[in-house]
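Colleague: If you scroll down you'll find the structure; I have some questions about it.
The values are calculated or read from the model by the stated rules, or taken from the named source; none is laboratory data. This one's a predicted model, so the numbers in the text were calculated from it and none came from an experiment. Every residue, glycine as well, gets a Cβ built from its backbone with ideal geometry; the counts of neighbours run over all protein chains shown. Note: accessible area is taken over every heavy atom of the protein model, side chains too, but ligands, DNA and RNA are not part of it. Shrake-Rupley method; radii C 1.70, N 1.55, O 1.52, S 1.80 Å.
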Amino acid sequence: MKLIKRFILNRPAEKRLAYFNGMVATDEQVWLLRDENGDLLLLDDDGDYPFLLPVWPSRSFAEMESA
């Protein structure tokens, strides 16, 4: 994993969100994953929400999750 990704992932949540927002504003895109059926990858949530839709600020971050 590249040093910058390791640095970003180890930051507090508010810093990761600021990085995400900056990347999305600059690139004007977000990245999602699909499951083996081609449906959007959704995660179950144990809290207040029925599911979570994970998004990433770039292809390289999304590929880290699918690896």
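Colleague: Count, please, the residues in the range 27-50 that happen to be over 16 Å from Ala62 (Cβ atoms), surrounded by 10 or more Cβ atoms within 10 Å (Cβ to Cβ) and not acidic (Asp, Glu).
Modeller: 1
Colleague: Quick one: is Glu63 touching a strand residue (DSSP E or B) at 6+ places or on another chain (Cβ under 9 Å) and either assigned to a loop (DSSP other than H, G, I, E, B) or open to solvent by 60 Å² or more (accessible area, probe 1.4 Å) (or both)?
Modeller: Details: touching a strand residue (DSSP E or B) at 6+ places or on another chain (Cβ under 9 Å): yes; either assigned to a loop (DSSP other than H, G, I, E, B) or open to solvent by 60 Å² or more (accessible area, probe 1.4 Å) (or both): yes.
Against the criterion (touching a strand residue (DSSP E or B) at 6+ places or on another chain (Cβ under 9 Å) and either assigned to a loop (DSSP other than H, G, I, E, B) or open to solvent by 60 Å² or more (accessible area, probe 1.4 Å) (or both)), Glu63 qualifies.
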